[in-house]
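Below: one structure, written as structure tokens.
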Amino acid sequence: MEGDWLVALHQEAGRGRQGRTWVSAEGNFYGSTLVELRPDDPPPQTLSIVVGLALLEAIDVAVPGQPLMLKWPNDVVLLDKKLAGILLERSGARVAAGFGVNLARAPELSDRFCASLGGVIAPRAFAPLLASCFARMLTLWRSSEFGMLARAWLERAHPVGTQLTVHSGAGATVSGQFDGLEADGALRLRRDDAVEIVRAGDISLG
């Protein structure tokens with residue numbers, strides 16, 4: 001139920017976005033929770049912005065002063081390397097939010113560079129911190145104008161004008177410049193004089 005968390009100290013079959021395998025190194029954080037959607041909740045797709053902010057806040061508190069950046073839709077990057085990722089999956093009136101954070105070790109991957117926090121905080125200590133930040137952001141999501149949360153996300157994300165390449169699940173790519181967010185949290189991709197709205201996919205910067 002909402003408010004409960006499942007945290008694994010060891011994970012054998014972790015999944016990332018678009019069916020990727022999430023490499024689960026010892027000492028890293030793997031946790032998930034549920035959001036029970038209510039009739040008067042904001043659009044569920046806006047949760048991607050909220051969960052990113054919650055995770056960023058938790059890392060900021062755990063390890064202050066790190067040059068962190070949010071990458072659409074919901075990754076956290078440290079010095080251009082992936083530090084953490086979130087997977088959202090909806091089933092009926094529930095959304096499962098899964099979090100993976102490289103607290104101790106950065107896996108070696110063929111398609112991207114990863115970073116870690118060097119083990120300065122253990123998963124057992126990080127779990128209640130993230131749960132608290134998530135609960136606070138969920139309350140704001142339900143009680144505040146979404147534009148406020150979108151602006152907070154943009155302040156910590158890749159700047160407007162950043163060159164992006166969007167990778168779809170079908171293997172197609174499209175490139176352009178980041179042009180901000182739509183009202184539902186979708187990415188605005190400027191290509192020449194037109195703006196394309198992207199609601200699903202991964203991005204690479206540059």
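Some observations on this one:
- Think of it as helices only: each DSSP H run of n ≥ 4 in the chain is worth -39500 (n - 2.57), and spread over all residues that comes to -7500 deg cm²/dmol at 222 nm.
- With eigenvalues of the C-alpha gyration tensor scaled by 5 and rooted, the stretch 110-173, Å: 27, 23, 13
- With K and R counted +1 and D and E -1, the other residues having a Cβ less than 11 Å from that of H158 yield a net charge of 0.
- Count Lys and Arg as plus one, Asp and Glu as minus one, and take only other residues whose Cβ is under 13 Å from that of R199; the net charge is then -3.
- Of the two radii for the stretch 91-206, the radius of gyration is 1.00 times the Kirkwood radius, both from the alpha carbons; that is the Rg over Rh value.
- For the stretch 163-205, the extents of the C-alpha atoms along the principal axes are 25, 23, 16 Å, listed from largest to smallest.
- Normalised by the number of residues in the chain, the average gap of Cα pairs under 8 Å and 6 or more apart makes the relative contact order 20 percent.
- Efficiency of FRET from Cβ geometry, D192 and R38, R₀ 45 Å, rounded to 0.05: 0.65
- Span-like helix ranges in the chain, DSSP H, alpha carbon extent 15 angstrom or more, Kyte mean at least 0.5: 47-62, 123-143
- Summed residue charge, Cβ within 13 Å of A183's Cβ, Lys/Arg positive, Asp/Glu negative: 0
- Inter-label distance for S132 and D184, nm, one decimal - labels placed 7 Å from Cα along Cα-to-Cβ: 3.5 nm
- The chain: translational diffusion in µm²/s, Stokes-Einstein, Kirkwood Rh over Cα pairs, 25 °C, 0.890 mPa s: 141 µm²/s
- Size-normalised alpha-carbon gyration radius of the stretch 49-103, reference 2.2 N^0.38 Å: 1.16
Laboratory data are not the source of any read-out in this text; all were calculated from the coordinates shown. Everything numeric here is computed off the predicted structure, so don't read it as measured data. Ideal geometry is used to build each Cβ from the backbone, glycine not excepted, and the neighbour counts take in all protein chains shown.
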